[in-house]
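Some notes on the structure that comes next.
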Amino acid sequence: MNTKPFSRLDRIIDQCDDGLRTLFAPAPSAERANPAAGVVETNLVDAERELSARLMRVNHAGEVCAQALYRGQAASAQTPGVRKKLAQSAAEENDHLAWTEARINELGSHTSYLNPIWYAGSFIIGALAGLVGDKWSLGFVAETERQVVVHLKEHLARLPTQDQASRVVLEQMCKDEGHHATVAIEAGGAPLPTAARRLMRFSAKIMTRTAYWI
């Protein structure tokens, strides 16, 4: 039986379906084992538990954005090879989504109530990046991941020392994000203009500061 290749509209509809699943389906299942599995839980005082929960909520919101960015870029990517790389990165980011949500639940808190807004905005940005061209789309991935690594290292420095469960999750995420940046550059990603990098940092600050509280 002959099958008709997916059109760009087909891909966008498919990615929107994935977005609804990301936002409203039960907690995602990770393909890889949770790095925190087997880590002995240390009793945290209320202030420490609240800080850890807020930080992990920010990181979970960041992973919601990552899912949307990758899927938006995959929907508008110019070539099948780039779409495949973006889809693979999205699958790996899904592990991060599952791990951070699990940790937030363990800490007795909630994910950001604004996740639908983060997802919608990030999907549009990703789709626009894909339309500009694959080399810029991949460059956008690389720059995003570099900024995420910096952000994760800042959170690792802020986490309560005894919260090893959250720490090992963020450390693995940091390694993965660095790898994604390298893959994007090796696939042909172009360095973004300084103005674009600054705008990305500004947008990220708005999200992180808001998700910390809401």
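Just so it is clear, none of the values below were taken in a lab; they were calculated from the coordinates. This is a predicted model, so every value here is computed, not measured.
Note on region 143-214: Rg/Rh from Cα positions, Kirkwood definition for Rh, rounded to two decimals, is 1.03. Estimated at 0.36 nm per residue, the fully extended path between THR161 and LEU114 surpasses their Cα-Cα distance by 14.0 nm. Multiplying the residue separation of GLU106 and ASP46 by 0.36 nm and subtracting their alpha-carbon distance yields 20.3 nm. Two tests apply to each whole DSSP H helix in the chain, Cα reach of 27 Å or more along its axis and mean Kyte-Doolittle hydropathy of at least 0.5, and none passes both.
Region 177-214 and region 116-138 have Cα centres spaced 12 Å apart. Residue-normalised convex hull volume from the C-alpha trace of the chain: 120 Å³ per residue. Extension gain for the segment VAL150 to ALA33, taken as residue separation times 0.36 nm less the Cα-Cα distance, is 39.7 nm to one decimal.
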